Amino acid sequence: MTAPGLIIAAPASGSGKTSITLGLLRALRRRGLKVASAKVGPDFIDPAFHAAASGRPCLSLDGWAMRPPTLAGLVSQLGQNADLVICEGVMGLFDGALTAPGQPDGSTAALALATGWPVVLVIDGRGMIASAAAVLAGFHHLRPGPGIAGVIFNRIRSPRAANAIASASRAACPEVVPLGMVPPLSGLELESRHLGLVQASERSDLESLLESTADRVADALDLEALVALARPARLVGAPPCPLAPPGQRIAVARDVAFAFAYPAMLEGWRNAGAEILPFSPLADAAPDGTADAVYLPGGYPELHAGRLAGNLGFLSGVRAAAARGAAVFGECGGYIVLGRGLEDQDGQRHAFLGLLGLESSFAAPRLHLGYRRATLVAAGPLGAAGAVFRGHEFHYSRVLSEQGEPLFTASGADGAALGGRGLAEGRVCGSFVHLIDRE
């Protein structure tokens, strides 16, 4: 029997669901519960905060990018050796990719329907009284399933406002369990940068932030009532392997510049018999000399460009791996570092590995965002020609030039053709797409 779960959702981004989720994870952990966590959609940053709060790896669940067996396997994995699963939604409850009617959109609502986990809605109550109840009623009754099981009103500044909102909400939706009113978490704000929150590993005050957030959330909410809402998931599956390992001994770059690797992918490689060999480019470490594959995930290499460009042990080690025929694969930030150079925000160019014909720039950055369906152009470390993957692209870097053969042909979630993506040169390849699963 797997642990019951629930989903923390909101009407819109910015409602405070991440802070409340972190407070719940830490508060319930302090009470002795083994709490597993998940995040809906493609995300690397929020899950690292979840893991710090709960003491367990956080898994991403993606209804657009993952095959049903992969999703079911990860949901089952979350529920093992746990007392409760808390899943944080993405954007607004019903918001997802713009897809054709009847196609998966990756929304929190779709995941709630697939798993059967009840939804707890976090409503930002600033500037509202009776209107807060109208928001609750609208989300609860908008369309058949998922209904709202419980509600948390956030950023409520006074007892008078709290009482009025509670009264209006009981009248509008008596079947929805009121879980409490959270005051503004002043002084506990989560700082952001261009790809989202500042990473958990970069916060020297992380433990005090989590403890203080847990104190305030525990004081404001009925934790027993929240736990009682949780239900077992409908999905059951075996441990998944979303992507075939590119080698048997895989050197994986792991530090604050290369932090964006999905735990499910790394664990899937282990399940397939591969060995993961972490190394830190920022510490000027080279990949293990016996590795037959090197993986450079995404992250923030642009914030450490000068340092990386001067780390000759790292650069020569990756070049040596490529020279001996090891598979070398980079995603997003890792793809940038496989390229010839990066122009930083001040216009200064930093020379990188030069294994692929990419020149990129963070001067005058431009957002690139969306789901991607990616088809391999030619056989290589990722599989046979024509193999199809699903993933996500989210970066601000601009391509100044891409010289060579594309790694993928790509389309968006709506099916619109996007042309070539990435580059491949022998057994070295990369792109700005973070791969999530294969089709």
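The values are calculated or read from the model by the stated rules, or taken from the named source; none is laboratory data. None of the values given here were measured: they were computed from a predicted structure. Because the Cβ atoms are built from the backbone with ideal geometry, glycine has one as well, and the counts that use them run over all protein chains shown.
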Exercise. Are any residues in segment 220-268 of a type outside the set (Gly, Ala, Ser), closer than 30 Å to Val151 by Cα and touching a strand residue (DSSP E or B) at 6+ places or on another chain (Cβ under 9 Å), and if so, which ones?
Worked result: Leu221, Asp222, Leu223, Leu226, Val227, Leu229, Arg231, Pro232
For this session: Just name the residue that is farthest from Gly14 (Cα to Cα) out of those in segment 150-177 that are at pLDDT 95 or above and hydroxyl-bearing (Ser, Thr, Tyr).
Result: Ser167
Exercise. How many residues are touching a Phe, Trp or Tyr at 6+ places or on another chain (Cβ under 9 Å) and part of a strand (DSSP E or B) when one looks only at segment 389-410?
Worked result: 10
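Per-residue answers, yes or no, for (1) under 21 Å from the mean Cα position of the chain (by Cα); (2) farther than 24 Å from Val294 by Cβ; (3) assigned by TED's automatic domain parsing to the domain that holds Ala257; (4) polar (S, T, N, Q):
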residue	(1), (2), (3), (4)
Glu343	no, yes, yes, no
Gly354	no, no, yes, no
Ser361	no, yes, yes, yes
Val377	no, no, yes, no
Glu405	no, no, yes, no
Thr409	no, yes, yes, yes
Leu418	no, yes, yes, no
Gly426	no, no, yes, no
Exercise. Looking at segment 320-354, which of the residues that are surrounded by fewer than 24 Cβ atoms within 10 Å (Cβ to Cβ), among the aliphatic types (A, V, I, L, M) and touching a residue at least 60 places away in the same chain (Cβ under 8 Å) is nearest to Ala259 (Cα to Cα)?
Worked result: Ala327
Problem set entry | Yes/no for Ala309 being of a type in the set (Gly, Ala, Ser) and at pLDDT below 95 | no
For this session: Among the residues of segment 154-170, write down those that are over 12 Å from Gly180 (Cα atoms) and of a type in the set (Gly, Ala, Ser).
Result: Ser158, Ala161, Ala164, Ser167, Ala168
Exercise. Does any residue of segment 290-300 turn out to be in contact with a strand residue (DSSP E or B) (Cβ under 7 Å, 6 or more places away or on another chain), of a type in the set (Asp, Glu) and either surrounded by fewer than 18 Cβ atoms within 10 Å (Cβ to Cβ) or in contact (Cβ under 8 Å) with a residue 40 or more places away in the chain (or both)?
Worked result: yes
Exercise. If we scan segment 34-56, do we find a residue that is at pLDDT 95 or above, out of contact with any Ser or Thr (no Cβ under 8 Å at 6 or more places or on another chain) and basic (Lys, Arg)?
Worked result: yes
Exercise. Is it the case that Ala257 is small (Gly, Ala, Ser) and not assigned by TED's automatic domain parsing to the domain that holds Leu113?
Worked result: yes
Problem set entry | Subset of segment 44-86 (residues that are charged (D, E, K, R), surrounded by 22 or more Cβ atoms within 10 Å (Cβ to Cβ) and more than 16 Å from Ala114 (Cα to Cα)) | Asp46
Seminar exercise, completed: Result of the Cβ filter at 7 Å on segment 189-209, keeping first residues that are within 22 Å of Ser15 (Cβ to Cβ) and at pLDDT 70 or above and partners that are outside any loop (DSSP other than H, G, I, E, B) and of a type in the set (Phe, Trp, Tyr), at least 6 apart or interchain, is Ala200/Phe49
Problem set entry | Criterion (in contact with a Pro (Cβ under 8 Å, 6 or more places away or on another chain), surrounded by 16 or more Cβ atoms within 10 Å (Cβ to Cβ) and at pLDDT below 95) met by exactly one of Pro232, Pro240 | Pro240
Exercise. So Ser401 clears everything in (1) surrounded by fewer than 21 Cβ atoms within 10 Å (Cβ to Cβ); (2) small (Gly, Ala, Ser); (3) in contact with a helix residue (DSSP H, G or I) (Cβ under 8 Å, 6 or more places away or on another chain) except one condition, right? Which one?
Worked result: (3)
